[in-house]
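The values are calculated or read from the model by the stated rules, or taken from the named source; none is laboratory data. Since the model is a prediction, treat every value here as computed from it, not as a measurement. Using ideal geometry, Cβ is built from the backbone for each residue, glycine included, and neighbour counts are taken over all protein chains shown.
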Amino acid sequence: MARGAQDHAGAIAPPPLIFGLPLAVALYEDRSNPLGVLSPRVAMIIGGAIIFVALVILVATFLQFRRRRTTILPYRPTTAIVDSWPYSFTRNPMYLAMALVYIGIALFFNSLWPFLLLPLVLLVMHRGVIEREERYLEQKFGSDYVDYRSRVPRWL
């Protein structure tokens with residue numbers, strides 16, 4: 001890392017906020033203008049199942065970061081490349097899990113509105129967080145990160 005360079009990815013905003021704010025706006029809009037996607041019971045069951053899977057992935061990511069003694073916070077220095085499950089099947093399991101929680105909540109509340117905002121959310125995550133993290137990790141870890149990136153897909 002170059003002297004004087006910031007030792008963090010420089011995400012434009014905390015990822016939970018990037019997912020949470022549009023989701024809240026969409027669910028608020030749904031209160032005035034409901035747009036369902038499935039029958040309410042089916043939507044709740046599928047939404048709940050997706051949230052459960054996402055929570056399993058999130059717990060696994062937290063455990064891996066703790067095991068490697070590095071931070072999950074994008075505004076603090078990363079000290080290690082985490083490559084154990086779930087980081088062995090996706091480079092961004094936390095963001096995948098957040099997207100799944102977003103989708104699960106949208107389904108649980110049987111609302112189409114969050115799905116209309118999801119492409120924008122994913123674009124902001126890609127440009128404002130993921131691309132920055134990848135540049136930072138490549139700069140910090142060099143060929144170790146390039147090798148990891150070549151073996152593991154970004155999302156799935």
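Of note:
- Test: residue in the range 82-102 that is among the aliphatic types (A, V, I, L, M), assigned to a loop (DSSP other than H, G, I, E, B) and within 13 Å of the chain's Cα centre (by Cα): no
- Odd one out for Pro93, checked against (1) touching a Pro at 6+ places or on another chain (Cβ under 7 Å); (2) more than 30 Å from Leu35 (Cα to Cα): (2)
- The range 97-120, residues that are closer than 30 Å to Tyr148 by Cβ, touching a residue at least 60 places away in the same chain (Cβ under 8 Å) and either out of contact with any helix residue (DSSP H, G or I) (no Cβ under 9 Å at 6 or more places or on another chain) or crowded, with 21+ Cβ neighbours inside 10 Å (or both): Met98, Val101, Tyr102
- Residue within the range 65-74 that is at pLDDT 95 or above, surrounded by 16 or more Cβ atoms within 10 Å (Cβ to Cβ), under 22 Å from Val124 (Cα atoms) and in contact with a helix residue (DSSP H, G or I) (Cβ under 9 Å, 6 or more places away or on another chain) present: no
- Hits in the range 41-64 - residues which are crowded, with 18+ Cβ neighbours inside 10 Å, of a type outside the set (Ser, Thr, Tyr), closer than 12 Å to Trp85 by Cα and within 14 Å of the chain's Cα centre (by Cα): Ile57, Leu58
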